[in-house]
Amino acid sequence: MVSMLGLADRSDGRVVAALGSAPRASSAYRHLLARGPEAVPAVRAGLRHPDPAVREQCCKLLDQLLVADAVGDLIAMLDDPVPAVRVAALHALSCDRCKTSVSCPAEALVLAPGRWLLARDPDAHVRAMAVELVGRFAPGNAEAAAALVRARAGDPSPAVRKKAGWYAPGGTIYRRLQRRVR
């Protein structure tokens, strides 16, 4: 029987591959999300798929289905050649709101790659998302705060400079995060 996905074979690996098909991507995403932790091995394998759309969607799925074993896989995705994949990986590593069972990874694992992307990534969207990752740690980490101040003062993108200002010392988000740290 053929499912709503239009696939006779609904194995997790086959559904992960369907994430790269525009007409099937939404249904495939919902199907994998509904499978929860059981789908995580196939989603992790999808991070190595040749289609960047599949890799991006797998990062987005891990944002909600994150398990401790997958953190290293997401960090590796920060080197992906496609900016949209790097953006999705950064979001998955920095957003606590989307997580159901695991909180965002520890500062020791993600701050250095986040700072590197903030300072050097050629894509402004990636740098803007790196602001959020680095900004999570700015109230308690002088290097993170300094990286944001540098981005606020000198990033070539006005959008990145503006966002960095929110997360840098004195910024509105910085002050809100600072209250949580206390």
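What does the charge dipole of the chain about its Cα centre add up to, to the nearest 20 debye, if the Cβ of each Lys and Arg holds +1 and the Cβ of each Asp and Glu holds -1?
800
At what distance in angstrom do the alpha carbon centres of the stretch 121-181 and the stretch 61-91 lie from each other?
The stretch 121-181 and the stretch 61-91 have Cα centres separated by 20 Å.
For the stretch 1-105, what's the relative contact order in percent, using C-alpha pairs closer than 8 Å and at least 6 residues apart?
The normalised contact order for the stretch 1-105 reaches 21 percent.
Tell me whether the stretch 107-182 comes out rounded, prolate or oblate; compute the Cα gyration tensor, take square roots of the eigenvalues as a ≥ b ≥ c, and use a/c under 1.5 as the rounded threshold. Can you show the working numbers first?
On the way: a/c = 2.06, a/b = 1.32, b/c = 1.56.
Judged from the Cα gyration tensor, the stretch 107-182 comes out oblate (a/c at least 1.5, b/c at or above a/b).
Considering only 111, 160, 172, whose Cα is most displaced toward the positive end of the charge dipole of the stretch 107-182, charges sitting on Cβ of Lys, Arg (+1) and Asp, Glu (-1)?
About the Cα centre, the residue reaching furthest to the positive side is 172.
To test your reading of the geometry: what angle, between 0 and 90 degrees and rounded to tens, separates the Cα axis of helix 52-65 from the longest principal axis of the chain?
80
Can you list which of the trypsin sites (Lys or Arg not before Pro) found in the stretch 34-83 are DSSP loop residues with at most 14 other C-beta atoms within 10 Å?
Passing sites in the stretch 34-83 are 48.
Determine ³J(HN,Hα), in whole Hz, for all residues of the stretch 78-85 in sequence, where each value follows from phi through the Karplus function 6.51 cos²θ - 1.76 cosθ + 1.60 and θ = phi - 60°; x replaces Gly and Pro.
5, 9, 4, x, 9, x, 4, 5
Using a 10 angstrom cutoff on alpha carbons, build the Gaussian network for the chain and name the most mobile of 32, 109, 65.
Of 32, 109, 65, the most mobile in the Gaussian network model is 109.
So if we plug the beta-carbon distance of residue 107 and residue 22 into 1/(1 + (r/R0)^6) with R0 = 25 Å, what FRET efficiency do we get, rounded to 0.05? Don't skip to the answer; put the middle values down first.
Details: r = 38 Å, r/R0 = 1.50.
It comes out at approximately 0.10.
Among 151, 76, 138, determine the one that fluctuates most according to a GNM of the chain built with springs between C-alpha atoms less than 10 Å apart.
76
Taking a ≥ b ≥ c as the square roots of the eigenvalues of the Cα gyration tensor of the chain, is the shape rounded (a/c under 1.5), prolate (a/b larger than b/c) or oblate?
Values: a/c = 2.63, a/b = 2.00, b/c = 1.31.
Prolate.
Dimensions of the stretch 57-120 along principal axes (Cα, Å, largest first)?
32, 25, 19
How large is the helix-only mean residue ellipticity at 222 nm for the chain, computed as the sum of -39500 (n - 2.57) over DSSP H runs with n ≥ 4, divided by its residue count, in deg cm²/dmol to the nearest 500? Before the final figure, lay out each step's value.
Details: 11 runs with 119 residues, N = 182.
The helix-only estimate for the chain comes to -19500 deg cm²/dmol at 222 nm.
Can you check what the Kirkwood hydrodynamic radius comes to for the stretch 1-105, Cα pairs only, in Å to one decimal? Write out the running numbers ahead of the final one.
Working: mean 1/r = 0.0744 Å⁻¹.
Mean inverse Cα-Cα distance, inverted, gives 13.4 Å.
No lab work stands behind these numbers, since they all come straight from the coordinates. Note that this is a predicted model, so its numbers are computed, not measured. All Cβ positions, glycine included, derive from the backbone under ideal geometry; neighbour counts span all protein chains shown.
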